[in-house]
Amino acid sequence: MSHTASYNLTVGNGNPNPGAPDIDVARVQAHLTQFGTIATQNGGNRRAGSAGYTQSVAYVKGKLQAAGFTVTEQNCTSCTYPSNNLIADWPGGDTNNTVMFGAHLDGVSAGPGINDNGSGSGALLENALALAAADPTMTKHVRFGWWTDEEQGLNGSKFYVNSLSATQKSAIKGYYNFDMIASKNAGYFINNVTTATSAPLKAYWDSLGLSAEENVEGQGRSDDASFKNAGILTSGYATGAGAVKTAAQVTKWGGSQAAYDPCYHQSCDTTNNINATALDRGADGIAYAIWNLAVGTTTPTNDFSVSVNPASGNANRGASVTATVNTATTSGSAQTVNLTASGAPSGVTVSFSPSSVQSGSNSTVTFAVASTATPGTSTITLTGTGSVAHTTTYTLTVNGAPPPTGRTFTNGTDYQIRDNQVISSIMSNAPGAAASPVQVSVTINHTCSEDLGISLIAPSGMAYTLKNPGTGNYPCTQFGGLRTYSVPISAAAAGVWRLGITDYGPSDYGVLDTWSITL
């Protein structure tokens, strides 16, 4: 049996088991990207029984077979949408002592289902591939399951459990379920958190200081219920669905008092609806559980640690911020450590100087923020790779007002701006109510900015000042190009919006080229 994939074993970095693989979250995200592509090519979803689901099964099955798993498709004849479960067994280990790890592969018809539940399915797949790449001696038998028709009532997992004999059920010493483990506004929940079955999952998240809570929202709502109802011990990870994060949870885990998954069962559940940090924590926790429950540990002869100081920072758009990546030799001899970054948001570029160091040396990491970057906070993973791989995280906050969302209307008619005159440009094609604030962008070229007063006039006639003219004697400066204003307003009903421009001084001139309003 040959295995072409490679995986490093991690030591330290908070991992309580030095033998468990450090699952590369970028590889998990690649599976999510593939699920998204499959959905796009098949009507926008991966609902059980659809072509999108069938192709998802084929994708996962192909990866598993290539890695050396024994793979079985089980047709669920009692499902709402007849379709197949996918079962994968890794050779070795006592089949009378089996631990099973599962996730539902189907999604709802409203969207591609990337967090629900591409996240659990993708993390499970990458863990299976990591197990195959390591090919360790097994102390227990490991089985993976990807379920169909979960969204219609847990039908796929029910069918599988009902197909087992009493002896086969008793052979499963624990079932671990992973349903939505990358929610954008993540909470950290474990099914049956206080039980011995949950201990390995809890131990890993405890090592990260997460203080996981019982998965109350998910009780009875995912495939672990099918196993629990059959008398099989269960646990699993979840990061929350449509329920709202409490103030206490925000204090503990960060985020906001909003739904854990803002795109739960919606068309926006795409690859943009993924919290990479939560996904990484879930995937690594699965690996820790597999290694602790069913395989031995491996300690590398030469090893190192990696950290970043400070661990967070902020930068304005168009600027940059730096930090120091520290490495140290923790066992054996010093080795070359190559530094890379993943998870940077659009508009942020990460570079290292130098990009390769001997363990025990440091590097400067620079986070360069483009002027077009979206403001907000992101967690970026920094990876040091030598004979093993270790990661640390940096939290970057991009300063600035968030970009506008909503309906944008543009008037591209040119208006001459003449001395001591008032012009009024009408946005007659802007129906619908507006809420505060609105975003107004104007492109004006004028030889004396100080002469100009600019106002936004709402449908009610209320005027909002965008720019006041200068006062007293002033030297003129050019008003050139695009300027954008965020305008707090009273709630406005549908109607006509106007841009008013007054030239208060003599001897200067200009033109309004275009303006737009985002409601």
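A short reminder: the numbers here are calculations on the coordinates, not readings from a lab. Values in this document were obtained by computation on a predicted structure and should not be read as measured data. Here the Cβ is made from the backbone with ideal geometry for all residues, glycine too, and neighbour counts use every protein chain on show.
Contact order, relative form, for the chain: 13 percent (alpha carbon pairs under 8 Å, 6 or more residues apart, mean separation divided by residue count).
For Lys61, the aspartates and glutamates whose Cα comes closer than 15 Å to its Cα, not counting residues fewer than 8 places off in the same chain, are Glu73, Asp89, Asp106, Glu126. On full extension, the segment bounded by Glu217 and Thr514 gains 101.9 nm, given 0.36 nm per residue less the C-alpha separation. Between the entries (i) 29.5, 101; (ii) 25.3, 97; (iii) 28.1, 95, the label attached to Rg and Dmax of the Cα atoms in Å calculated for this structure is (iii). Rounded to the nearest 20, the Cβ-based charge dipole of the chain about its Cα centre (Lys and Arg +1, Asp and Glu -1) stands at 320 debye. Working note: 222 nm ellipticity from helices only, DSSP H runs with n ≥ 4, each -39,500 (n - 2.57), summed and divided by the residues of the chain, gives -6000 deg cm²/dmol to the nearest 500. Between Thr410 and Ala66, the modelled labels are 4.3 nm apart [label points 7 Å from Cα along Cα→Cβ].
Protection proxy ranking for 117-124, 279-286, 265-272, 385-392, using the average of other Cβ atoms within 10 Å per residue and placing the highest first: 117-124, 279-286, 385-392, 265-272. All C-alpha pair distances within the range 25-294, sorted into 10 Å bins from zero, spread as 8, 33, 39, 18, 2 percent across the bins.
Normalise the Debye intensity by I(0) for the range 27-128, one equal point scatterer per Cα, no solvent, then take log10 at q = 0.12, 0.15, 0.23, 0.25 Å⁻¹ and round to two decimals. Relative scattering, expressed as log10 I(q)/I(0), comes to -0.38, -0.59, -1.26, -1.42.
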